[in-house]
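Undergrad: Below is a structure I'd like to ask you about.
Readers should treat all values here as calculations from the given coordinates under stated rules, not as data from a laboratory. Being a predicted model, the structure only gives us computed values, none of them experimental. Using ideal geometry, Cβ is built from the backbone for each residue, glycine included, and neighbour counts are taken over all protein chains shown.
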Amino acid sequence: MYKAVLWVLLLAAAAKAGAAGNDPANTADDAIARGEYLLHAGGCISCHQASEEKGAPLSGGRALDTPFGRFFAPNITPDVATGIGAWTDEEFINAFRHGRSPGGSNYYPAFPYPAYTGMSDDDLMALKAYLDSVEPVSQQNQPHELTWYVRWRAAVGVWNSLYLDAGAFQADPSLSEAINRGAYLVKHLGHCGECHSPRNKLGAPIEEAFLRGNKDGPEGDVVPGIHNDDDAGIGEWSVDDIAFFLEIGMLPDGDFAGASMSEVIDHNTGRLSAEDRQAIAEYLKTVN
């Protein structure tokens with residue numbers, strides 16, 4: 001009798017646990033939590049807030065000075081009128097995958113969709129779930145201040161035909177799971193090459209110089225190389241050195257990251273899991 005009662009209780013507990021696991025509310029909460037993690041991994045806060053002291057998070061307004069003029073990051077809160085609250089799932093994926101707005105116009109690649117294009121649909125939907133969950137902020141987007149010859153957005157379509165390799169990341173079966181994860185984070189979600197690679201005259205990262213540094217970086221910064229080179233990169237750093245730097249911003253010599261990289265540490269890499277920082281470090285040691 002005792003065993004029979006025990007089995008009934010165990011089966012009831014298992015059924016309850018299974019029901020909770022299939023609860024749509026739990027699934028939605030999981031997606032939102034994952035989306036928040038991806039938001040930090042993707043560095044969204046660093047660009048989509050005017051400054052640490054000014055503007056609500058994700059409401060836009062941050063200025064980005066480039067050789068083509070000044071771009072202003074848009075409002076990505078779920079406000080329907082001024083943000084992305086009216087976007088469908090398909091429109092959200094299309095923006096990241098192809099750099100196209102819901103209205104069909106081309107985004108400027110100051111929005112790093114050439115890197116984000118590699119994000120998986122699952123990650124994009126989790127990111128959207130989180131963005132849909134934050135407090136809407138009514139704040140109009142500030143118009144870009146651009147050189148006259150880049151104001152014609154249709155020209156971006158030509159740029160895309162030359163430099164956009166649209167499509168989700170495909171793992172390399174010859175590499176470890178950790179290195180593939182690091183490649184995904186560096187190349188796509190973290191879009192490290194957008195700052196750490198030099199650009200050609202049309203503003204596209206030079207593929208053969210990936211992660212080799214950029215003397216004309218964002219906001220006038222000279223951005224160092226982070227490839228596996230002893231002299232021009234971080235070849236002398238160990239995997240643990242790199243992972244520790246990504247966590248707290250301390251270099252192997254005891255100095256700390258400055259300029260815009262300190263913000264990346266605070267909002268992006270410092271919020272990653274230890275496993276993801278390790279994966280990034282392992283991948284960077286493969287980039288020559």
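Undergrad: Would you mind getting me the FRET efficiency between residue 207 and residue 86? Use the beta-carbon distance for r and R0 = 41 Å, nearest 0.05.
TA: For residue 207 and residue 86, the calculated efficiency is 0.70.
Undergrad: Now a separate question. Dipole magnitude of segment 172-288 about its Cα centre, charges +1 at Lys/Arg Cβ and -1 at Asp/Glu Cβ only, in debye to the nearest 20?
TA: Roughly 420 debye, rounded to the nearest 20.
Undergrad: Assuming R0 = 22 Å, can you tell me the calculated FRET efficiency for the pair residue 152 and residue 63, based on Cβ-Cβ distance, to the nearest 0.05?
TA: Computed FRET efficiency for residue 152 and residue 63 comes out at 0.50.
Undergrad: May I pose another question? Note the listed values (i) 122, 56, 43; (ii) 47, 45, 35; (iii) 83, 50, 39, then indicate which one is Cα extents along the principal axes in Å calculated from this particular structure.
TA: (iii)
Undergrad: Another one. Would you mind calculating the gained length between residue 178 and residue 199 on full extension (0.36 nm times residue separation, minus the Cα-Cα distance), in nm to one decimal?
TA: Working: separation 21, 0.36 × 21 = 7.56 nm, distance 2.85 nm.
Extra length available between residue 178 and residue 199 comes to 4.7 nm.
Undergrad: Moving to a separate point now. Taking θ as phi - 60°, what are the ³J(HN,Hα) couplings along segment 66-83 by the Karplus curve (6.51, -1.76, 1.60), each to the nearest whole Hz, with x for Gly and Pro?
TA: My calculation for segment 66-83 gives 9, x, 9, x, 9, 9, 10, 5, x, 6, 10, 7, x, 5, 5, 7, 10, x Hz in order.
Undergrad: So, R0 is 45 Å and r is the distance between the beta-carbons of residue 259 and residue 161; what FRET efficiency does that work out to, to 0.05?
TA: Taking R0 as 45 Å, the efficiency between residue 259 and residue 161 is 0.85.
Undergrad: Oh, and also: Might you report the magnitude of the Cβ-based charge dipole of the chain about its Cα centre, with Lys and Arg at +1 and Asp and Glu at -1, to the nearest 20 debye?
TA: Numbers: 20 positive and 40 negative charges, 179 e Å.
Its charge dipole is roughly 860 debye.
Undergrad: Something else: Give the total of Lys-Lys pairs in the chain with Cα-Cα distances below 27 Å; include a pair only if its members are 8 or more places apart or on different chains.
TA: Within the chain, the lysine pair count is 8.
Undergrad: Here is a further query. How far is the Cα center of segment 259-278 from the Cα center of segment 110-158, in Å?
TA: Each part's Cα centre sits 22 Å from the other's.
Undergrad: Moving to a separate point now. Cα axis of helix 121-133 to longest principal axis of the chain: angle in degrees, 0 to 90, nearest 10?
TA: Here the helix axis deviates by roughly 90 degrees.
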